[in-house]
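Q: Structure in structure tokens, see below.
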Amino acid sequence: MAFPRFSEIEIPLLRVLIELGGSAAPKQVYPKVAAYFPDLTPEEQELRLENFPSTRKWSNLVQWSRQRLVDSGDIDGSKRGVWTITPKGRSRV
């Protein structure tokens, strides 16, 4: 499967944050967002970036989607290590 685009990850990411009570650590989020993409295999989730072998492609993709949501005001980016949905993000879902 080709990895989903940033825009395809945004709503599942917001839904996962709501399911987790409004905020969560990134490690809690990655597998739950992946569940929205059943064609994404566990092996694909473990693939690494060629230029940064310590970084998984999937988590990197989710992180960039999260950054887009921070930029749009749907996620509060003020606290390092905690992803929190904003009221604007809730209304988007």
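The values are calculated or read from the model by the stated rules, or taken from the named source; none is laboratory data. Keep in mind the model is a prediction, meaning the values are calculated, not measured. Glycine gets a Cβ as well: all are built from the backbone with ideal geometry, and neighbour counts include every protein chain shown. Keep in mind that these areas ignore ligands, DNA and RNA; they rest on the heavy atoms of the full protein, side chains included. Shrake-Rupley method; radii C 1.70, N 1.55, O 1.52, S 1.80 Å.
Q: Just in the chain: which trypsin sites (Lys or Arg not before Pro) are loop by DSSP and have at most 12 other Cβ atoms within 10 Å?
A: Sparse-neighbourhood loop trypsin sites (Lys or Arg not before Pro): Arg5, Lys79, Arg80.
Q: Which value in Å is the Kirkwood Rh of the range 1-52 over different Cα pairs?
A: 11.9 Å
Q: Could you tell me what percent of the accessible area of the chain is made up of carbon and sulfur, with a 1.4 Å probe and every protein chain present?
A: On the chain, the fraction of accessible area on carbon and sulfur atoms equals 52 percent.
Q: Can you give the local net charge around Tyr30? Use residues other than it whose beta-carbon is closer than 12 angstrom to its beta-carbon, Lys and Arg +1, Asp and Glu -1.
A: Surrounding charge for Tyr30 is +4.
Q: What number comes out for the charge environment of Arg68, summing +1 per Lys or Arg and -1 per Asp or Glu over other residues with Cβ under 9 Å away?
A: -2
Q: With the other protein chains left in place, how much accessible area per residue, in square angstrom, belongs to the chain at a 1.4 angstrom probe?
A: It amounts to 60 Å² per residue over the chain.
Q: Bin width 5 Å, alpha-carbon pairs only: give the P(r) of the chain as whole percents, running from 0 to the bin holding the largest distance.
A: Per 5 Å bin, starting at zero, the Cα-Cα P(r) for the chain comes out as 3, 15, 26, 26, 17, 10, 3, 0 percent.
Q: Take the chain, connect every pair of alpha-carbon atoms lying under 10 Å apart with a spring to form a Gaussian network, then pick out the residue of Pro26, Pro42, Pro53 with the largest mean-square fluctuation.
A: Pro53
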